[in-house]
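First up is the structure itself, then whatever we jot down about it.
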Amino acid sequence: MSDYVGSLCRSVNFHLRNLRRIRRFIDQSTCAHAVRSLILSRLDYCNSLLAGISQSDVQRMQSLQNRAARLIYQVDRYTPASPLLRELHWLPVQQRIHFKVLLHVYNSFYHLSPVYLQELIAKYNPGRRNLGSSNDNTRLAIPSTRRSAGDRSFAVIGPRLWNALPSHIRAAPNVQCFKKLLKTHLFPIE
């Protein structure tokens, strides 16, 4: 995955440099649209496959997102990016990855996705134990794996993230409501 992240960083850096060259000729709204279409689309492309990557790779991608936010607001590189990201309503990279994985899990859980994704998740069966969580019918079973690479698979990371969500988010009545609740839940409060 580090090779993919390296390739992604080169591509995004290319577009950031080109946008920086024309930034003084465009207004903030136009720059924000250009950044969303050229930068964020690349950061979000297949990012659910990046679940479980190393923190150094996540940090490399986060620094690109921070640079994009600074470019929109035309501030220097020493300006903290967190307030800018918050004002733009952009989730940090790690949360963007979790958002995408959880959206796939929601769609699979409620049979809105292809069958091959639905087959990767299974509802939790508490067995004979009478636990308080056994009444929650939105929990998923987390398969055990023998290797760390298996822990990054959708079948493992999806249910793990899903079960960590509050039950009222997992039971959202539709996709739009789920997205809204999930983004509010994942948005960092500082």
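The values are calculated or read from the model by the stated rules, or taken from the named source; none is laboratory data. Keep in mind that what you see is a predicted model, and the values were worked out from it rather than measured. FYI the Cβ positions are ideal-geometry reconstructions off the backbone, even for glycines, and counts take in every protein chain you see. With ligands, DNA and RNA removed, areas are computed over all heavy atoms of the protein, side chains included. Shrake-Rupley method; radii C 1.70, N 1.55, O 1.52, S 1.80 Å.
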Exercise. Scan segment 39-48 residue by residue and report those that are within 18 Å of Leu19 (Cβ to Cβ) and touching a residue at least 24 places away in the same chain (Cβ under 8 Å).
Key: Ile39, Leu40, Arg42, Leu43, Asp44
Quiz item: Taking the condition in contact (Cβ under 8 Å) with a residue 60 or more places away in the chain and in contact with a Leu (Cβ under 9 Å, 6 or more places away or on another chain), does Ala51 pass?
Solution: yes
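Within segment 41-57, count every residue that is open to solvent by 10 Å² or more (accessible area, probe 1.4 Å) and either at pLDDT 95 or above or part of a helix (DSSP H, G or I) (or both). Show your work before the answer.
Looking only at segment 41-57, we keep the residues that are open to solvent by 10 Å² or more (accessible area, probe 1.4 Å), and these are 41-42, 44-46, 48-49, 52-56.
Among the residues that remain, those that are also either at pLDDT 95 or above or part of a helix (DSSP H, G or I) (or both) are: 41-42, 44, 48-49, 55-56.
Looking only at that region, the number is 7.
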Exercise. State whether the residues of segment 162-179 include one that is surrounded by 15 or more Cβ atoms within 10 Å (Cβ to Cβ), part of a helix (DSSP H, G or I), modelled with pLDDT of 90 or more and among the polar types (S, T, N, Q).
Key: yes
Exercise. Could you list all residues from segment 34-77 that are over 14 Å from the mean Cα position of the chain (by Cα) and aliphatic (A, V, I, L, M)?
Key: Ala34, Val35, Leu38, Ile39, Leu64, Ala68, Ala69, Leu71, Ile72, Val75
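Where in segment 73-121 are there helices (runs of 4 or more DSSP H), lying fully within it, with 3 or more residues that are open to solvent by less than 20 Å² (accessible area, probe 1.4 Å)? Spell out the reasoning first.
Details: elements: 82-88, 93-109, 115-118.
In segment 73-121, the matching helices (runs of 4 or more DSSP H) lie at 93-109.
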Quiz prompt | Single condition Pro114 does not satisfy, out of (1) over 20 Å from Ala155 (Cβ atoms); (2) free of Cβ contacts under 8 Å to residues at least 12 places away in the same chain; (3) touching a helix residue (DSSP H, G or I) at 6+ places or on another chain (Cβ under 9 Å) | solution = (1)
Exercise. Look through segment 146-161, keep the residues that are open to solvent by 60 Å² or more (accessible area, probe 1.4 Å) and not in a helix (DSSP H, G or I), and return whichever of them is nearest to Asn107 (Cα to Cα).
Key: Arg152
Practice problem: Answer yes or no: is there a residue in segment 41-59 that is farther than 27 Å from Phe178 by Cβ and among the basic types (Lys, Arg). | Solution: no
